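Since the structure comes first, as structure tokens, the remarks are kept for the end.
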Amino acid sequence: MTALAQAAVLMRRRPRVAVLTGAGISVESGIPDFRSAQGLWSRYDPAEYATLWAFRRDPHRVWRMLAEMIQVVDAARPNPAHQALARMERAGVVKGVVTQNIDGLHQAAGSREVLEFHGNCRSLSCLECGRRYTREEAAVLGVPPPCGCGALLKPDIVFFGETISERALEDSRELAAHCDIILVVGTSAEVAPANQMPWIARQHGATVVELNLEPTCLTDSVTDIFVPGPAATTLHELAEEVLGTVTSHE
Ligand code: NAD
């Protein structure tokens with residue numbers, strides 16, 4: 001039996017499934033992950049640009065990266081991996097998705113229970129006075145958009161050096177602690193505290209199913225079933241196996 005078939009059998013038997021996703025799930029939508037040695041991140045090292053320290057020191061410089069990143073994200077559409085998760089949620093199998101992504105593609109695919117661990121690009125805030133703007137309000141202010149107080153706005157993405165909200169931490173722990181199976185999709189699991197979710201799930205008796213192009217630091221430590229391959233293919237096939245054959249991608 002293949003790893004994918006094994007995972008599907010389990011999911012049919014114990015259908016309380018939590019999901020953790022990372023940049024890999026959106027690669028087939030055209031958004032490069034941090035590992036890809038091409039595209040956006042070959043020109044902008046996230047460790048250098050996506051930090052609170054860098055933004056405070058030189059927001060204009062960081063905004064050059066942000067403007068390009070927002071363009072790439074705006075052009076992206078959900079792929080069959082996002083759609084498979086939304087479909088499994090509608091069928092009552094997937095209870096919630098915790099994503100480290102800031103691209104909004106899970107919601108665009110129709111997922112409702114989405115926890116954006118690292119924030120999103122739909123709103124912006126001023127680090128100086130705390131005022132919050134919607135994307136639409138900020139759009140008319142130019143790039144980079146200034147706040148009324150004169151400082152530059154920052155998208156509500158959690159940069160390295162910023163803290164994850166208590167609420168996001170609690171809700172993701174809760175989801176992980178009460179699932180039968182956790183699907184870990186397209187993440188290198190190098191970024192804490194999101195990478196603790198599989199461990200929390202395992203401690204509470206869940207099976208860890210990892211879907212990735214290649215093994216990660218989780219594979220030989222906490223993963224029970226490793227499903228190799230591109231997520232758009234593996235998740236689509238998994239949904240077919242669990243829910244019954246579909247004739248086309250939604
Ligand atoms: P990462 O770049 O560190 O790792 C990506 C993982 O996805 C790798 O293990 C890679 O093997 C795997 N992968 C690549 N293509 C895949 C595919 N088609 N199918 C399955 N797996 C695939 O990403 P991370 O672990 O999410 O951590 C990086 C941080 O940067 C996170 O906060 C992340 O959300 C953020 N980020 C977000 C986006 C986005 O919003 N789309 C893009 C880049 C980075």
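The values are calculated or read from the model by the stated rules, or taken from the named source; none is laboratory data. Keep in mind that what you see is a predicted model, and the values were worked out from it rather than measured. With ideal geometry, Cβ positions are generated from the backbone for all residues, glycine too; neighbour counts draw on all protein chains shown. What goes into the accessible areas is simple: the full protein's heavy atoms, side chains included, and nothing from ligands, DNA or RNA. Shrake-Rupley method; radii C 1.70, N 1.55, O 1.52, S 1.80 Å.
Quick notes on this structure:
- Residues of the range 82-99 satisfying the condition of being touching a strand residue (DSSP E or B) at 6+ places or on another chain (Cβ under 7 Å) and under 20 Å from residue 194 (Cβ atoms): 85, 94, 95, 96, 97, 98, 99
- With respect to the conditions (1) modelled with pLDDT of 95 or more; (2) under 29 Å from residue 123 (Cβ atoms), residue 180 falls short on a single one, namely (2).
- Residue 104 satisfies every condition listed in (1) open to solvent by less than 10 Å² (accessible area, probe 1.4 Å); (2) over 28 Å from residue 221 (Cβ atoms) except (1).
- Identity of the residue in the range 145-197, part of a helix (DSSP H, G or I) and of a type in the set (A, V, I, L, M), that ends up farthest from the chain's Cα centre (by Cα): 177
- Among the residues making up the range 5-46, those that are near the ligand (Cβ under 9 Å from one of its atoms), open to solvent by less than 80 Å² (accessible area, probe 1.4 Å) and assigned to a helix (DSSP H, G or I) are 23, 24, 25, 26, 27, 29, 40, 41, 46.
- Residue list for the range 161-209, restricted to those being under 15 Å from residue 23 (Cβ atoms) and either touching a strand residue (DSSP E or B) at 6+ places or on another chain (Cβ under 9 Å) or surrounded by 15 or more Cβ atoms within 10 Å (Cβ to Cβ) (or both): 184, 185, 186, 187, 188, 189, 191, 194, 195
- A Cβ distance below 8 Å, combined with a sequence gap of six or more or placement on separate chains, defines the contacts here; from the range 1-25, residues that are without any contact (Cβ under 8 Å) to a residue 60 or more places away in the chain reach residues that are in a loop (DSSP other than H, G, I, E, B) in the pairs 9/1.
- Some residue of the range 47-67 being near the ligand (Cβ under 8 Å from one of its atoms), open to solvent by 30 Å² or more (accessible area, probe 1.4 Å) and not in a loop (DSSP other than H, G, I, E, B): no
- Per this entry, residue 85 is not counted among residues that are within 14 Å of the ligand (Cβ to nearest atom), open to solvent by less than 40 Å² (accessible area, probe 1.4 Å) and more than 21 Å from residue 108 (Cα to Cα).
- The condition of being more than 19 Å from residue 201 (Cα to Cα) and of a type in the set (Asp, Glu) holds for only one of 166, 89, 162, that being 162.
- Residue check, residue 114 within 30 Å of residue 184 (Cα to Cα), open to solvent by 30 Å² or more (accessible area, probe 1.4 Å) and modelled with pLDDT of 95 or more: yes
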